[in-house]
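Heads up: the structure comes next, in structure tokens.
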Amino acid sequence: MNRLETHGLVLDIPGRPAGAPLDLAVCPGQVWGVLGPNGAGKTTLLHTLAGLRTPRRGRVTLDGVSLRQLRRRRLAQRLGLVFQEHLDGFPATVAETALIGRHPWLAPWQMETAHDLALAQQALARLDLAALGERLVATLSGGERQRLAIATLLAQAPGVWLADEPTNHLDLHHQVAVMRLLAEQAAQGGAVMMCLHDLNLAARWCDHLLLLYPTGEACWGPASSMLVPEVLERLYGQRLASAEVEGARVFVAVP
């Protein structure tokens, strides 16, 4: 079903009082954007939703089952995360890294099949990386590494996508390509939640938004009700001007 839900979820952010509990559902077909200033807890939220951090209170469920009850391999088949930063654990090529996405689907000590190799190659091609398959990851630019991380998750083929700043380091062309890919995952029955700093990307591609305030306060709902200058100005402490361009709201900071 690909339904990710939080139940009275309170993030555990060191040095900060408990924030507002989150009770929301990221459903199949939806694209959620998480907005907020630096330090509001966006990355902590995604890591908690992925089961990598323990919440202060509450729980997260995937199709009604607590993440704590799911084995890591089974969870990785159903939910994937693109991290904001990428560290090289060991020397590997681009093709080898993309294949890591297939590991949750393999039995212990099982070698990748021709099907796995094909899925990894298709993912690389989709992210415009097919020609770089034999390159070492350490030689890639920041944007190429980001696209490789997304290609690896595409090869993993989870039903729920969590992405922390998925357009980091990307030029305009690849920003649009990545956002289109994420939207396609939702259109095909997946559920997508991503942290974004770019209001205009959120306005163009997200149908639901979660706003996180540094105070721990939060509000969420359909993008149409969240993308209001007065609401966003309070979120960022910044005056904004807005206009409509080709059917989408565009926001500009006002000095």
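Please treat every number below as a calculation from the coordinates, not as lab data. Here the structure is a predicted model, which is why all the values come from computation and not from measurement. Don't worry about glycine lacking a Cβ; one is built from the backbone with ideal geometry, like all the others, and counts go over all protein chains shown.
Once the Cβ-Cβ distance between Asp198 and Glu134 is put in as r, and R0 is 41 Å, what FRET efficiency do you end up with, to the nearest 0.05? Walk me through the intermediate numbers first.
Working: r = 33 Å, r/R0 = 0.80.
Here the calculated transfer efficiency is 0.80.
Tell me whether the stretch 36-94 comes out rounded, prolate or oblate; compute the Cα gyration tensor, take square roots of the eigenvalues as a ≥ b ≥ c, and use a/c under 1.5 as the rounded threshold. Before the final figure, lay out the partial values.
Numbers: a/c = 2.57, a/b = 1.19, b/c = 2.16.
Oblate is the answer for the stretch 36-94, as a/c is 1.5 or above yet b/c matches or exceeds a/b.
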Q.
Using amide H atoms built in the peptide plane, which far-off residues or other-chain residues are under 5 Å from Val160 H to H?
A. Leu79, Gly80, Ala191
Q: Would you mind counting up the charge near Leu240? Only other residues with Cβ under 12 Å from its Cβ, with Lys and Arg at +1 and Asp and Glu at -1.
A: +1
Q | Highest-MSF residue in the chain out of Gly15, Gly142, Gly29 [GNM, Cα springs under 10 Å] | A | Gly15
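What net charge is computed for the residues neighbouring Gln110, neighbours being all others with C-beta under 13 Å from the C-beta of Gln110, Lys and Arg scored +1, Asp and Glu -1?
Numbers: positive: Arg73, Arg102; negative: Glu112, Asp116.
Every neighbour counted, the sum reads 0.
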Q: Report the residue, chosen from Gly58, Gly237, Gly190, that carries the largest GNM mean-square fluctuation when the chain is represented by alpha-carbon nodes joined by springs under 10 Å.
A: Gly237
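Tell me, what is the FRET efficiency for Asp171 and Ser225 to the nearest 0.05, using R0 = 25 angstrom and their Cβ-Cβ distance as r? Before the final figure, lay out each step's value.
Numbers: r = 32 Å, r/R0 = 1.27.
So, using R0 = 25 Å, E works out to roughly 0.20.
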Q) Computed FRET efficiency, Cβ-Cβ of Ser141 and Ala253, R0 22 Å: what is it to the nearest 0.05? A) 0.20
Q: Enumerate the amide H contacts of Val228 below 5 Å, restricted to partners 5 or more residues apart or on another chain; note that Pro and chain-start residues carry no placed amide H.
A: none
Q. Using the C-alpha atoms of the chain, what convex hull volume per residue, in cubic angstrom, is computed?
A. 138 Å³
Q: Using label points projected 7 Å from each Cα along Cα→Cβ, tell me how many nm separate Arg74 and Glu246, to one decimal.
A: 4.4 nm
Q.
Which of the three applies to the stretch 35-184, rounded, prolate or oblate, going by the alpha-carbon gyration tensor with a ≥ b ≥ c and a/c under 1.5 meaning rounded?
A. oblate
Q) What order do you get for 212-222, 103-113 when each peptide is scored by the mean count of other beta carbon atoms within 10 Å, highest first? A) 212-222, 103-113
**Q.** Distance between the stretch 186-253 and the stretch 96-149 - C-alpha centres, whole angstrom
**A.** 32 Å
Q. Can you list the residues, at least 5 places off or on another chain, whose amide H is less than 5 Å from the amide H of Leu209, using H built in the peptide plane?
A. Gly33, Gly221, Ala223
Q. Could you give me the ³J(HN,Hα) list for the stretch 241-247, computed from phi with Karplus coefficients 6.51, -1.76, 1.60 and θ = phi - 60°, whole Hz, x at Gly and Pro?
A. 10, 9, 8, 10, 10, 6, x
Q.
For the chain, set up a GNM with springs between Cα atoms under 10 Å and report which of Asp23, Asp171, Asp12 has the largest fluctuation.
A. Asp171
(Q) Along the charge dipole of the chain, pointing to its positive end and built from +1/-1 on Cβ of Lys, Arg, Asp and Glu, which listed residue (Leu99, Ala76, Gly64) has its Cα farthest out? (A) Gly64
